[in-house]
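Structure first, commentary second.
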Amino acid sequence: MLVRYAADTDLPALLRLYRQLNPLAVAPTHPEGAWAAMRALPGVTVYVAEENGAVAATCTLIVTPNLRMTSSLFMQSRASIAMARSWS
């Protein structure tokens, strides 16, 4: 499995993963705008994991200032994992 920074070209694969994770969720009307806004936020990094050349998982890392631990940065990671498999 290869883990790398997400690229703009990964958006369709990310949307497929999110649909697998929550099929009842309503997809954004303009996902390109939401994706661009998310990637432009300071402290936000999106990773993808590829398996056999296909995006199989994603993780969004958000680093924010806080008041804990002498005002050091606080990292929160929210991972969304959905393996793309065909069931025959």
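Considering each residue of the range 1-13, count those that are outside any strand (DSSP E or B) and within 14 Å of the chain's Cα centre (by Cα), and give that number.
8
Give just the number: which of (1) touching a residue at least 12 places away in the same chain (Cβ under 8 Å); (2) in contact with a Phe, Trp or Tyr (Cβ under 8 Å, 6 or more places away or on another chain) does residue 2 not satisfy?
(2)
Taking the residues in the range 8-44 that are at pLDDT 90 or above and among the basic types (Lys, Arg) as candidates, determine which candidate is farthest from residue 59 (Cα to Cα).
Checking each candidate, the answer is 16.
Quick check on my filter: what residues within the range 14-34 are in contact (Cβ under 8 Å) with a residue 60 or more places away in the chain and either within 11 Å of the chain's Cα centre (by Cα) or part of a loop (DSSP other than H, G, I, E, B) (or both)?
Correct list: 17, 18.
The values are calculated or read from the model by the stated rules, or taken from the named source; none is laboratory data. In this text, all values refer to a predicted model and were calculated from it rather than measured experimentally. FYI the Cβ positions are ideal-geometry reconstructions off the backbone, even for glycines, and counts take in every protein chain you see.
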